[in-house]
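The values are calculated or read from the model by the stated rules, or taken from the named source; none is laboratory data. What you see is a predicted model; the values in this text were computed from it and never measured. Virtual Cβ from ideal backbone geometry, glycine too; neighbours counted across all protein chains shown. Quick note on the areas: whole protein, heavy atoms, side chains included, nothing else; ligands and nucleic acids left out. Shrake-Rupley method; radii C 1.70, N 1.55, O 1.52, S 1.80 Å.
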Amino acid sequence: MPAEIQRSMSENAATETIPKTPVKLYFENNEYLKVLLGEQDHHVKAIEKRLGGHIHVRGNHVTISGDDDEVYLSAKVMTEIYEVIKRGYPLNPSDIDLAIRIVKNNRSADLKEIFLDTISITTRKKVITPKSFNQKQYVDAIRTYDIVIAIGPAGTGKTYLAMAMAVAALLNKDLERIILTRPAIEAGEKLGFLPGDMVEKVNPYLRPLYDALHDMMDYEKASRLIQRGVIEVAPLAFMRGRTLNNSFIILDEAQNTTSEQMKMFLTRMGFNSKVIITGDITQVDLPPEKTSGLIEIQRVLHEITGIRFVYFSSVDVVRHPLVQEIVDAYALKNDNFKATKHGLPE
């Protein structure tokens, strides 16, 4: 944030009169500014709509007017995203929406630190970076801790970012193999009545892991590595009795592990290995009499210093904007249900 904006905000903080004196910004590079503004000023319009205030562009000069928060947050987004663009980041329209969401929920967040934290793999589609403050914390935790447990709703990047970190570790030769696993929870059809052998029966449960892998690695290369056992995608039951050394191990959909399965999985970890556990404790598909291993380990493991828990919320959803609203709607529904159940007013 430029010093003149910080001074303006500190001076204005002493009064409540709005609108305040407009803040004027200068962006020296025309090409970078063009990317920042977006086609037909689409990005500017998005910032005005989501943060309020008014942004006026004339040449390389940008004037932002409005109340304290509108000016401060709008200027923060524009100045920090401009620096991101200068560093060569390929800005997408969705990145502006993500930047706005980040600063609205954490005004001290450093957008440069988040958007420029590139995970060192090359995909056919895009650069992989954190897209929220919590995603940045998650990536940093994976770098630092040997066991990281990520809990939050669908669409928050828990599995995707873990997969990206795993592929980067493999390509950098930090580890020798990747193991991707999920519990195979029956939903409607019994596995025994489905056609094919056991691998064919459980493959549909593992499809999301294959999809994420192929999004980050050439299909033929990924297939060769799978055939050689360097990358293994298998149901959780196949982990029993093994010791997994020099491996990057991801347990996805962990809310559907039982207490016994979670203990079994955690004790498979060998030397020079990293374990990432992801799941959404609001979407447990286990029978009512079974305890979710993911819910239980929050109580059992929270005091172990070598393990890091990272929690996500609807703020971190990076899918279609409606997904965030859906997550919030269900959270409100569950809160109301709990209140009614305990005799509390809604």
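Loop-located chymotrypsin sites (Phe, Trp or Tyr not before Pro) in the range 244-298 (DSSP state other than H, G, I, E, B) with a sparse environment of at most 16 neighbouring Cβ atoms within 10 Å: Phe271. Restricting the trypsin sites (Lys or Arg not before Pro) of the range 48-116 to loop positions (DSSP other than H, G, I, E, B) with no more than 14 neighbouring Cβ atoms within 10 Å leaves Arg87, Arg107.
Across the range 31-145, the relative contact order, built from alpha-carbon pairs under 8 Å that are at least six residues apart, equals 20 percent.
Net charge of the neighbourhood of Leu51, taken over other residues with C-beta under 13 Å away and scored Lys/Arg +1, Asp/Glu -1, is +1. Taking the accessible area of the range 62-108, probe 1.4 Å, and keeping the other protein chains in place, the carbon and sulfur fraction comes to 41%. Among the listed pairs Lys24/Lys104; Lys45/Lys136; Lys49/Lys158; Lys131/Lys263; Lys45/Lys333, those whose Cα-Cα separation exceeds 25 Å are Lys45/Lys136; Lys49/Lys158; Lys131/Lys263; Lys45/Lys333. How would the range 71-184 be classified by its alpha-carbon gyration tensor: rounded, prolate or oblate, with rounded meaning a/c under 1.5 and the a/b versus b/c comparison settling the rest? Here the range 71-184 falls in the prolate category.
Counting Lys and Arg as +1 and Asp and Glu as -1 over every other residue whose Cβ lies under 13 Å from the Cβ of Phe271, the net charge comes to 0.
Can you bin the range 109-165 into rounded, prolate or oblate? Criterion: square roots of the alpha carbon gyration tensor eigenvalues sorted a ≥ b ≥ c, rounded for a/c under 1.5, prolate for a/b above b/c, oblate for the rest. It is rounded, given that a/c, with a ≥ b ≥ c, falls under 1.5. Among the GluC sites (Glu not before Pro) found in the range 246-300, those both in a DSSP coil and sparsely packed, with 10 or fewer other Cβ atoms within 10 Å of their Cβ, are Glu289. For Gly38, the shell of other residues with beta-carbons less than 15 Å away shows a net charge of -2, using +1 for Lys and Arg and -1 for Asp and Glu.
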